[in-house]
Structures are given as structure tokens and as C-alpha cells.
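A quick write-up on the structure given underneath.
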Amino acid sequence: MPQEPRQAQRQLLEWAKPDNVTILETDDPTPLTSRRVLLTPYLSTDGCGLMRPEALAFFRDRIVAGARRVSDPTKARPRALYVSRAKTTHSRVANEPALEAALAKQGIVSMLLEDLPIAEQVMLFANAELVVGALSSGLTNCVFQSRGARRRIFAGGEGPTSHTPSLTEAGICMVSGLRYEPVYHSHVSPEPAFTVDVDAVLAAIARARA
């Protein structure tokens, strides 16, 4: 993320908050008191707490609208994208160049989210119909996709026998109305990289576009 995480988080809060809410940011460890505290309602699915669909839709709409106000309305953005792991130090895709080359032939554009301001990240995912990428914090941006958008995740689990989708990823798709299909890889810890089956990814993309 090009901005300091705290700065980006504040920007998202500014876009999401109702007009009658003030954000108070402090480094003072003194506890704050309030006459009323509002807690977002959560649902629990196998230990994974996520916002209810209506709450998520409220925040998505406000954040996307806020990002749109400060973004270039004439800028063309890809409808199909791959979230690159080239700049990360963990969970790297060892054969990413080969994967990117195969995806480019399918019209899927590789993007480095670290090079984009937070507003452009929001607009990139809000515009996307198809997202390909490894399980990572970058893919949580899929909450900004429109309901019903196609979504394909090619990596999940900690090994060839661990076929349990990430609860966070699956949960985001569930409450966002997105399609989710993991393609598993063989990941031997503590190796910081894994190799993905390019043909399996292309097959998943073909199913999504059928």
C-alpha cells in the first residue's frame, strides 16, 4: 500500500462514515468514554465473523462513492485482473511470470496493488468482473465488487491435502454475493513461495466465462 496503512484506513473511514459521525484519532492511551456505543452486527460461520450483507452493502456503496469522487472518471480500468504477488516477501508465486503470460492471453491484466493509492484500488475492484489471485490481504478488496461478479481464487490451503477454503475469503464471497472457487496448490512450509498449476487456473477461468 503506497500510503501509510493508518492513513489509508482513515481515508476508508472518512468515506464510510455517516455525515453526523466524527472520527477521533488519538495516541493517548487514556480510555475514552461515551454515552452510546454502536456495534456492527456480525454473523458467525465456522468461527469466522463477517458483516451482514446489508451492512457490507452500506459500507461498500459509501466507500466506492467516496473513491469515485476523487478518481479520474475517464480512466479505463481492466474488467479482468490478476493480483500480483511480485513485491511480497511471503506466499509468493514461484512461477508467476509463466502464469502472467498465460493470463495475458486471456485478457487478464496483472496489477501491483502496492503501486496504487487506496482510491484507485477501490475503483479497480469495483470495476472488475473477474479477479484471479492468491489468498492475501489484497483480495479483501473484493468486497468492493458488484454483487454477482465472477471471482476465481487459484490458491488456498497449506498443502495438497488441505482442501478447506479460507474462511475469510469464502465468507466475503458469501456475504457479497460473489462466486468463489479455490484452486489448490502444494505449499510446503516454511518455504515462502509456492508453484501454481497454470492449466488448473485457466480451466477455472474458462468455467467462470462459460
Could you please tell me which pairs satisfy a Cβ distance under 9 Å, a separation of 6+ or placement on different chains, a first residue in segment 84-113 that is touching a residue at least 60 places away in the same chain (Cβ under 8 Å), and a second residue that is part of a loop (DSSP other than H, G, I, E, B) and among the hydroxyl-bearing types (Ser, Thr, Tyr)? Ser91/Ser136; Val93/Ser84; Leu113/Ser84
When residues of segment 78-105 are filtered for being surrounded by fewer than 16 Cβ atoms within 10 Å (Cβ to Cβ), outside any helix (DSSP H, G or I) and out of contact with any strand residue (DSSP E or B) (no Cβ under 8 Å at 6 or more places or on another chain), how many remain? 4
Does segment 63-77 contain at least one residue that is assigned to a helix (DSSP H, G or I), closer than 22 Å to Gln9 by Cα and either of a type in the set (Lys, Arg) or free of Cβ contacts under 8 Å to residues at least 40 places away in the same chain (or both)? yes
What number of residues in segment 73-93 are on the phi > 0 side of the Ramachandran plot and at pLDDT 90 or above? 0
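The values are calculated or read from the model by the stated rules, or taken from the named source; none is laboratory data. A quick note: this is a predicted structure, and the numbers were derived from the prediction, not measured. Cβ coordinates were reconstructed from backbone atoms using ideal geometry, including for glycine residues, and neighbour counts include every protein chain displayed.
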